[in-house]
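The values are calculated or read from the model by the stated rules, or taken from the named source; none is laboratory data. Predicted, not measured: the structure shown is a model, and the values here were computed from it. All Cβ positions, even for glycine, are placed from backbone atoms using ideal geometry, and neighbour counts span all protein chains on display. The protein model used for the area step is the full one, side chains on, heavy atoms only, and it has no ligands, DNA or RNA in it. Shrake-Rupley method; radii C 1.70, N 1.55, O 1.52, S 1.80 Å.
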Amino acid sequence: MSLSTALRLLTHGEGSSYRRLRAWWEGRSYQGGQAAPAVMASFLAPALASAPVDLSNPWSPARLRLLAELWGEGFTSPGGETFAIELVKPVALNSAMSVLNLDAHLDAVARAVANSYQMWVNAFESNETLAHLGMKMSEDAGFAKRAPVERCDHEALGERLKRDRRLYDCIFSKEGFYRIADKDRLFAAICEGLKGNGQLIFTDYVLQESGVAPPEVTAWLEAEGNVPPLWSIAQVIECLNRFELDIRITEDMTQRYQQMVLEGWRAYVARMLRQKPEPAMLRAVLRELEIWVRRMLALDRGGLRVYRVHAIKPESLKF
C-alpha cells in the first residue's frame, strides 16, 4: 500500500473512532495530540523510495522492535500489561493453579500474569521464531521456569496436551484464534486440556453477523495474509455450546480496543518527532500502518468486532 493510500484511508473513515483519529491526524483537539501528516509523510516517503516493504518475513526484527514501541516490550498487540492482567482477573488466579497461554507470541502476557499472581504460566506459540525469542526474553527476565515458551503447532495441540498428561485450571489467549482455520479442533483440544471447572478466556476478532465478510474486512484480511474466513460471534458461541461449555461472558470490547490502538500510534508518532527511525524501521512502520488502517476501517464500519469470551468447563463434563 502506498503512503498516499494509507493517508487517504486514515482520513476517510467514518464513525466515532475515525473522528477521533482524524482530529489527531489533522492536529486538532484529540487529547492534545500533535499533528501527524507532516511527520509520517516526510519520514515514510524516503523509506519507500529507497526500498520496497518486505513481506517475506512477517516477524522481522524491525517489525518486532516497532511492536514493542507501539504496545510495550514483548507485546505484539494493544493493551500491554494492564490489559493482560485484567483479561484473566475473572478467574481469581492463585499460585496453586495451572495456567496455559495459547498463541503466546513473545510471551509478555504470560510473564505479566506470572509476575502479578506469583505463579507459573506455560505458554505455547506455533511460530518457531517467536517461540525462540519469547523463551529468550523469559530467560533474560528471570522467568525461564515461571513463564516458559514452547513451540506447539495448533494442529498438534490436542496430542501435545494428551502427551503431557496435564490438565489446566485456566487456558487463555489474546487475539490469536482468528488465524486458526479448524476452530472445532482447537476448541476440542482446549476442552480436553481443561480440568473440571477449568476456565477458558480469550479475546478475538470476529464478525458481528454471519455470512459473507464485508469489503472492509476482506481488505484487512488481504493485508494480513494467510488468514482463514472469520467466524461470527454467533458461530463461536454455537461451537462452545456444542462442547457443553458454560459461557459466562461474551463482551463486545471493540470501542475500548480502538482507543488502545489510537493511543499506541499517537504515542509512537510523538516519539518519531523526537528521533527519526532508520529506513528499515520506517518500512516496517508503513507495513504495520497498512494493517492497522485496514483493521480500524473494518472495526469502524465493516462489521468486524473484538470480543472477550469467558467460559467454564462443567465439573461433570468428560472428554
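How large is the dipole of segment 239-278 about the Cα centre if only Lys and Arg carry +1 and Asp and Glu carry -1, each at its Cβ, rounded to the nearest 20 debye? Write down the numbers at each step before the final one.
Working: 7 positive and 6 negative charges, 79 e Å.
About 380 debye.
Dipole magnitude of segment 240-319 about its Cα centre, charges +1 at Lys/Arg Cβ and -1 at Asp/Glu Cβ only, in debye to the nearest 20?
The calculated dipole for segment 240-319 is roughly 280 debye.
Placing +1 on the Cβ of each Lys and Arg and -1 on the Cβ of each Asp and Glu in segment 156-274, which of Gly264, Thr203, Trp220 has its Cα farthest towards the positive end of the resulting dipole?
So the residue we want is Gly264.
Quick check on my link table: of Lys145/Lys183; Lys136/Lys174; Lys162/Lys183; Lys136/Lys195; Lys145/Lys276, which ones sit more than 28 Å apart, alpha carbon to alpha carbon? Don't skip to the end; give the middle numbers.
On the way: Lys145/Lys183 30 Å; Lys136/Lys174 21 Å; Lys162/Lys183 18 Å; Lys136/Lys195 30 Å; Lys145/Lys276 38 Å.
Listed pairs above 28 Å: Lys145/Lys183; Lys136/Lys195; Lys145/Lys276.
Can you give the net charge of the other residues whose Cβ lies under 10 Å from the Cβ of Ala298, counting K and R as +1 and D and E as -1?
Values: positive: Arg294, Arg295, Arg301, Arg305; negative: Glu216, Asp300.
That sum, taken over residues with Cβ under 10 Å, equals +2.
When 1/r is averaged over all different Cα pairs and the result inverted, which Kirkwood radius in Å belongs to segment 59-217?
Values: mean 1/r = 0.0621 Å⁻¹.
The answer is 16.1 Å.
What is the Cα coordinate range of segment 72-147 on the first, second and third principal axes, sorted by size from largest, in whole angstrom?
32, 26, 20
Could you list log10 I(q)/I(0) for segment 117-172 at q = 0.24, 0.31 Å⁻¹, which the Debye formula gives when each Cα is one point scatterer?
Log10 I(q)/I(0), no solvent term: -1.04, -1.23.
So, with +1 on the Cβ of K and R and -1 on the Cβ of D and E, and no other charges, what is the size of the charge dipole of segment 73-145 about its Cα centre, to the nearest 20 debye?
On the way: 4 positive and 9 negative charges, 50 e Å.
Roughly 240 debye, rounded to the nearest 20.
So how many Å³ per residue does the convex hull of the Cα atoms of segment 216-319 work out to? Display every interim value, and only then the final one.
Details: hull volume 15.3 nm³, N = 104.
Per residue, the Cα convex hull of segment 216-319 comes to 147 Å³.
Which percent of the accessible heavy-atom area of segment 114-203 goes to carbon and sulfur, probe 1.4 angstrom?
Values: 1870 of 4060 Å².
Accessible surface attributable to carbon and sulfur in segment 114-203 totals 46 percent.
Residue farthest toward the positive end of the dipole of segment 122-173, with Cβ of Lys/Arg at +1 and Asp/Glu at -1: which of Ala156, Cys170, Ala123?
Result: Cys170, furthest along the dipole toward the positive end.
Would you mind computing the Rg to Rh ratio of segment 143-280 from its alpha-carbon coordinates, Kirkwood style for Rh?
On the way: Rg = 18.3 Å, Rh = 17.8 Å.
My calculation of the ratio gives 1.03.
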